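Here is the structure we will look at, set down as structure tokens.
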Amino acid sequence: MIKRDTFTVIAGPCAVEEDTFLQIVDFLKDCGVLYIRGNLFKPRTHPESFQGLGEAGISLLHEVHTSGLKIVSEAMTEKQADTLKAHVDVIQVGARNMYNYPLLTYLSNTNRPVLLKRAPSATLEEFLGSAAYLKDTPVILCERGIRTFNRETRNTLDLPTALLARDKSDFPVIADPSHGTGRADLVAPMALAAAAAGLDGVMLEVHIEPKRSRSDPMQALNFPSFEEFLQKLDRVLSALGKDMG
Ligand code: PEP
Ligand code: MN
């Protein structure tokens, strides 16, 4: 379980892709990562963009799940949650659905922990209000960047508010510097900052060949950068007396 007294790294591609997913998972497993991003249903800004493998990708999730790894996967609808439930450990509610109260109410009763991402315009009160709809299931909060006037970054990773969310609730709170910055060069420094600040984990996009990724190619770490990040993370966590969970 993702909890407060350890530091959890959730990693994997933006979306599960048929030809690369298992190679990425093998690499992450060798690195000691336990929680895999395994998204089959993608909320995309444009309907023409790759929408994810959908149900066709279930067998890939099943293979990874039965190998002992844990999967975090997004559901945008109740039907998607039902499809995913047997094959994943954590259901993700993406930033676009933070305000989808009927979905949150439904997920509260699906007997799976929910990773709730902050909407890019949500106040702390709104974020915690949405979490309160999940009263019957464990919740992990995720700060994934808010919309500001910045043009150089995709979003502005709001670590101070993530710390306040941690202060004002009992939930573990993690950061997603991939969507929070939109730039591979800023992902590791911001993930280390999240660890140093006392958050409970990070979610990172990793791809065997980022430029080939069918979604979010600019923000995925390649394998060498991810390994380098883990070495630095180890030093930060040792200084804090924390383990990687
Ligand atoms: C994701 O993590 O796959 C995602 C779509 O992120 P967000 O909902 O934060 O945009
Ligand atoms: Mn993405």
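Values for this structure:
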| quantity | calculated |
| --- | --- |
| Spread of Cα-to-Cα distances over 10 Å intervals beginning at zero, given as percent, for the chain | 8, 35, 41, 16, 0 |
| Selection of GluC sites (Glu not before Pro), the range 1-101, meeting DSSP coil and at most 16 other Cβ within 10 Å | Glu18, Glu48 |
| Theoretical gain in end-to-end length, Glu125 to Arg44 [0.36 nm per residue, Cα-Cα removed] | 26.5 nm |
| The range 154-245: C-alpha gyration tensor shape, a/c 1.5 cut-off, then a/b vs b/c | oblate |
| Rounded to 5, percent antiparallel among DSSP beta bridges of the chain | 5 |
| Lysines whose Cα lies under 28 Å from that of Lys29, excluding same-chain neighbours fewer than 8 positions away | Lys3, Lys42, Lys70, Lys85, Lys117, Lys211, Lys232, Lys242 |
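Where a number appears in this text, it was derived from the coordinates with a stated rule and is not lab data. For clarity, every value in this text was computed on a predicted model and none was experimentally measured. Cβ sites come from the backbone with ideal geometry, for glycine too, and all protein chains shown count toward neighbours.
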